[in-house]
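Working notes, structure below.
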Amino acid sequence: MLQKTGPKTLVEKIWEAHQVASEEGKPDLLYIDLHLVHEVTSPQAFEGLRLAGRKVRRPDLTYATMDHNVPTDNPFVVNDPIAAKQIAVLEENCKEFAIDLADLNSSAQGIVHVIGPELGLTQPGKTIVCGDSHTSTHGAFGALAFGIGTSEVEHVLATQCLWQSKPKTMQVNIVGERPHSVSAKDIVLGVIAANGIGFGTGHVIEFTGDVIRSMTMEERMTVCNMSIEAGARAGLVAPDETTFAYLEGRRFVPSGDAFEFAKEKWRTLRTDEGATYDKEIVFDVTAMKEQVTWGTNPGMGTDVDGRVPYPEEMESESARRATASAIAYMGLEPGMRIQDIEIQHVFIGSCTNARIEDLRMAASIVRGRTVKPGVRALVVPGSKQVKLQAEAEGLDEVFKSAGFEWREPGCSMCLGMNPDIVPEGERCASTSNRNFEGRQGRGARTHLVSPAMAAAAAIAGRFVSAKAMLEESIVS
Amino acid sequence: MEPLRRHRGKVAVLDRLNVDTDQIIPKQFLKRVERSGFGQFLFYDWRFHADGTPNPQFEWGNGSADGASILLTGENFGCGSSREHAAWALSDFGFRVILAPSFADIFFNNCFKNGVLPIALPKETVDRLFAQVKAAGDGGQDSGYALTVDLEQQTIYNDNGLEVSFDVDPFRRKCLLEGLDDIGLTMQWEDRIAEFEKKYAPRERYELFSNCYLNFE
């Protein structure tokens with residue numbers, strides 16, 4: 001087995017612990033501890049197995065749910081016949097291949113990247129894959145978690161392994177004094193805006209530094225979730241007491257002595273003193289402000305009190321063209337103040353920002369205020385568990401009485417595969433992860449923000465600082 | 001998978017940066033449960049207006065990509081969603097080779113699984129090719145700029161003396177040259193996988209991955 005000697009990074013440790021085969025000049029055969037499955041990227045994989053007469057090798061290490069297509073007003077009424085078929089096909093496949101499925105009747109159902117951690121399926125040191133790029137979310141627990149295509153889904157189903165070339169490693173060290181108003185979402189958007197949406201390509205990012213250490217698990221998940229928006233193969237954070245406290249007592253986490261034993265082992269999951277990364281980036285959050293994207297990729301963002309850039313400020317001809325084209329698609333003017341951008345839709349949800357803390361944060365802004373007339377605002381909890389917890393805390397009432405719609409869990413307006421779509425030419429403040437052209441609907445204009453900023457935008461009808469709104473310096 | 005050894009084809013140009021998989025295959029077409037038939041939806045929201053009529057403003061609106069099988073494009077092609085539908089759409093449309101300065105990782109993997117060869121070339125080389133295609137004129141179905149991509153020799157050349165070599169992972173090259181089904185290939189490692197599972201792998205979903213401890217202590 002080809003393994004590194006001397007001090008190792010966390011990624012290298014997890015990698016080497018999962019090598020089934022490793023030969024010079026070939027990718028490694030890597031063992032997968034957990035395979036998460038959803039309805040959109042799996043039907044062709046199961047069909048491939050059937051055609052070749054193959055079985056699922058480890059149904060016990062596989063877990064499925066439905067999230068992408070699920071309607072969030074009434075999940076049981078799927079009017080789109082093709083979406084209904086995809087949901088039905090997942091049910092049939094899970095039955096045929098004996099895979100556990102959190103279906104629409106299950107109290108565990110939700111967005112796959114929300115329920116994995118919630119159920120305790122996601123654990124430090126595991127290799128985790130799913131046919132979805134935001135699988136990087138699970139890295140928050142010190143797991144090596146990455147998105148794969150459907151052919152690889154089929155490969156993992158059949159063999160529980162994947163051929164993978166060893167990734168390069170990168171440290172993104174988040175330092176400085178974090179301003180109270182700056183959320184995990186603002187930080188990760190800031191990192192991508194500063195370094196570009198391709199800076200992580202070919203690398204696995206380890207997020208380090210005091211700012212990361214003092215983050216909650218929910219915040220770390222937001223950061224790791226967006227590492228794919230930097231092009232990284234995965235993003236992770238070394239586990240610590242915060243991680244263990246989150247995991248303790250969850251359904252698939254060992255309990256009692258076994259948990260104590262696990263903790264001892266998990267504590268060894270960290271980058272050794274003296275280990276080096278292929279690339280290192282330092283990002284200081286001290287002077288950061290709340291972020292809003294103005295363009296058509298997650299790196300096109302700025303401060304809430306900033307402006308839309310002028311294309312001629314860009315370095316290369318192709319960047320000037322891309323900027324001009326993004327501004328045109330977004331229906332903005334160069335030099336325009338971000339705070340003058342009016343929105344018609346607000347989406348609080350997605351695997352990036354639909355966990356309980358996200359909803360609490362948004363509710364703290366919304367409480368006692370009213371959604372601006374003409375703005376349609378949606379809250380889509382990330383899972384049934386999140387929804388129940390929020391309702392137990394009365395957050396649903398806070399949102400509903402302010403004029404928000406309170407929905408059932410699913411991916412929803414993040415990618416508009418269900419009926420939750422932003423109409424052409426209209427503008428949405430969204431807590432999701434991608435502002436690509438057409439992502440939330442053909443011709444829809446997406447601005448990525450934190451839950452607090454989305455809530456503030458719903459109240460003001462335009463982008464304003466959530467911090468300022470809390471300080472009531474802005475009259476909506 | 002259809003093997004790819006040497007391929008000669010017309011080049012279609014998409015001179016844009018960061019083309020994401022949401023553009024390559026918009027989400028409304030991800031609900032099919034088949035692998036086939038995605039070519040008609042390739043770059044759908046760019047190629048067609050909302051009412052389904054062709055958009056002549058799009059780079060390919062004049063037919064410049066008709067009959068093309070090699071795509072020449074900008075940095076970070078295929079970023080975003082992991083949807084393999086993007087590779088299926090490109091392949092079904094007729095593309096066998098994609099040339100760009102860089103690719104997003106998941107998309108890059110997905111291409112190889114579908115008999116499509118993505119080649120990362122130095123940016124200057126791509127810029128030179130952009131210039132050559134533009135100089136040759138776009139043309140319609142049977143005209144335009146052609147290249148030959150030889151995977152065995154790892155070179156790209158044309159009739160006018162251009163010749164560039166390229167790198168490709170040897171394992172992926174072999175799979176593509178021979179059109180190998182890599183699941184079948186992996187299953188030949190069954191003994192090793194079984195041995196690994198016996199020693200290290202979790203026997204239940206909630207069990208720890210025991211090898212972690214062995215290596216870290």
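The number of residues in the stretch A:398-423 that are in contact with a strand residue (DSSP E or B) (Cβ under 9 Å, 6 or more places away or on another chain) and of a type outside the set (Gly, Ala, Ser) comes to 12. For the stretch A:238-263, the tally of residues that are touching a Ser or Thr at 6+ places or on another chain (Cβ under 8 Å) and either buried (at least 23 other Cβ atoms within 10 Å of the Cβ) or within 22 Å of A:VAL285 (Cα to Cα) (or both) stands at 2. Of all residues in the stretch A:207-237, those being open to solvent by 10 Å² or more (accessible area, probe 1.4 Å), more than 25 Å from A:LYS467 (Cβ to Cβ) and either more than 14 Å from chain B (Cβ to nearest Cβ) or aliphatic (A, V, I, L, M) (or both) number 2. Does B:ALA135 fit the bill of being within 29 Å of A:ARG434 (Cβ to Cβ), aliphatic (A, V, I, L, M) and not in a strand (DSSP E or B)? It is false that B:ALA135 is within 29 Å of A:ARG434 (Cβ to Cβ), aliphatic (A, V, I, L, M) and not in a strand (DSSP E or B). One residue stands out among those in the stretch A:22-47 that are at pLDDT below 95 and more than 26 Å from A:VAL237 (Cα to Cα): the one that is most open to solvent (accessible area, probe 1.4 Å), which is A:GLU24. Of all residues in the stretch A:264-281, those that are touching a Cys at 6+ places or on another chain (Cβ under 7 Å) and open to solvent by 40 Å² or more (accessible area, probe 1.4 Å) total 0. Condition check: among the aromatic types (Phe, Trp, Tyr) and within 27 Å of A:GLU47 (Cα to Cα). Does B:PHE48 satisfy that? Taking the combined requirement at face value, the residue does not satisfy it. Hey, does the stretch B:35-45 have a residue that's of a type in the set (Asp, Glu) and open to solvent by less than 30 Å² (accessible area, probe 1.4 Å)? Within the stretch B:35-45 (the criterion being of a type in the set (Asp, Glu) and open to solvent by less than 30 Å² (accessible area, probe 1.4 Å)), the answer is no, since none of the residues qualifies. Residues in the stretch A:176-198 that are assigned to a loop (DSSP other than H, G, I, E, B) and open to solvent by less than 20 Å² (accessible area, probe 1.4 Å): A:VAL182, A:ILE197.
For the stretch B:167-201, a residue qualifies if it is within 10 Å of chain A (Cβ to nearest Cβ), under 30 Å from B:SER102 (Cβ atoms) and of a type in the set (A, V, I, L, M, F, W, C), and the qualifying residues are B:PHE171, B:CYS175, B:ILE183, B:LEU185. The residues listed here are A:ARG407, A:ARG427, A:ARG442; of these, the one that is open to solvent by 10 Å² or more (accessible area, probe 1.4 Å), more than 14 Å from every other protein chain (Cβ to nearest Cβ) and within 27 Å of A:SER325 (Cα to Cα) is A:ARG427.
Annotation note: of A:VAL89, A:VAL11, the sole residue that is more than 10 Å from chain B (Cβ to nearest Cβ), at pLDDT 95 or above and either open to solvent by 20 Å² or more (accessible area, probe 1.4 Å) or not in a strand (DSSP E or B) (or both) is A:VAL11. Within the stretch A:170-186, being within 19 Å of A:ASN225 (Cβ to Cβ) and of a type in the set (Asp, Glu) holds for one residue alone: A:ASP186.
Taken together, the residues in the stretch B:56-103 that are of a type outside the set (Phe, Trp, Tyr), without any contact (Cβ under 8 Å) to a residue 40 or more places away in the chain and part of a loop (DSSP other than H, G, I, E, B) amount to 6. Against the list (1) touching a residue at least 12 places away in the same chain (Cβ under 8 Å); (2) under 25 Å from B:MET1 (Cα atoms), the condition A:GLN19 fails is (2).
The values are calculated or read from the model by the stated rules, or taken from the named source; none is laboratory data. Model, not experiment: these values are computed from the prediction. Neighbour counts are summed over all protein chains in view; Cβ atoms, including those assigned to glycine, are modelled from backbone coordinates with ideal geometry. Ligands, DNA and RNA are excluded from the accessible area calculation, which covers all protein heavy atoms including side chains. Shrake-Rupley method; radii C 1.70, N 1.55, O 1.52, S 1.80 Å.
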